[in-house]
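First up is the structure itself, then whatever we jot down about it.
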Amino acid sequence: MWTINDFPAYGMISGWSTLGKLACSYYMENNKAFMLTNGGKTSFFDCHRRFLPPNHRYKKNIKDFFVGRVEKDVAPPRLSGEELHDVVSEYGDIVFGLQSGKHKFPGYGLTHNWVK
């Protein structure tokens, strides 16, 4: 079985909060999101160029993206299922359901956005 969902539904199904700087559950803290100075909202503008091949013309484009910035970074590594299991297993015993209360796991908002 499979399902098609929008981004907020993805967050509810996966247990990953899709809000803020750590909205991407694949790359977690390895993203380049930043806060807008006047609005205070999280922006992912110009975070996509590092996924392009090293010799792509958009990586050197300093006019159409962040002015004067050449993208030199490469895409961060994507965690395998085993690596993700190792990360999640560090949180210890987790109680699900109504008995769980409103606790947050250590590192919430800094290195992960797991909410359940």
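The values are calculated or read from the model by the stated rules, or taken from the named source; none is laboratory data. None of the values given here were measured: they were computed from a predicted structure. Cβ atoms come from the backbone with ideal geometry, glycine included; neighbour counts cover every protein chain shown.
Please determine whether any residue of the stretch 42-49 is under 20 Å from Thr111 (Cα atoms) and either assigned by TED's automatic domain parsing to the domain that holds Trp114 or touching a Gly at 6+ places or on another chain (Cβ under 9 Å) (or both). Scanning the stretch 42-49, I find at least one residue that is under 20 Å from Thr111 (Cα atoms) and either assigned by TED's automatic domain parsing to the domain that holds Trp114 or touching a Gly at 6+ places or on another chain (Cβ under 9 Å) (or both), so the answer is yes. Would it be correct to say that Thr37 is surrounded by 14 or more Cβ atoms within 10 Å (Cβ to Cβ) and assigned to a loop (DSSP other than H, G, I, E, B)? When the stated conditions are applied, Thr37 does not pass them. Of the set (1) small (Gly, Ala, Ser); (2) more than 19 Å from Lys116 (Cβ to Cβ); (3) at pLDDT 85 or above, all apply to Gly81 but (2). Within the stretch 13-33, is there a residue that is surrounded by fewer than 11 Cβ atoms within 10 Å (Cβ to Cβ) and not in a helix (DSSP H, G or I)? No, because not a single residue in the stretch 13-33 is surrounded by fewer than 11 Cβ atoms within 10 Å (Cβ to Cβ) and not in a helix (DSSP H, G or I). Taken over the stretch 44-57, the residue count meeting the criterion of being over 27 Å from Gly81 (Cβ atoms) and surrounded by 14 or more Cβ atoms within 10 Å (Cβ to Cβ) is 2.
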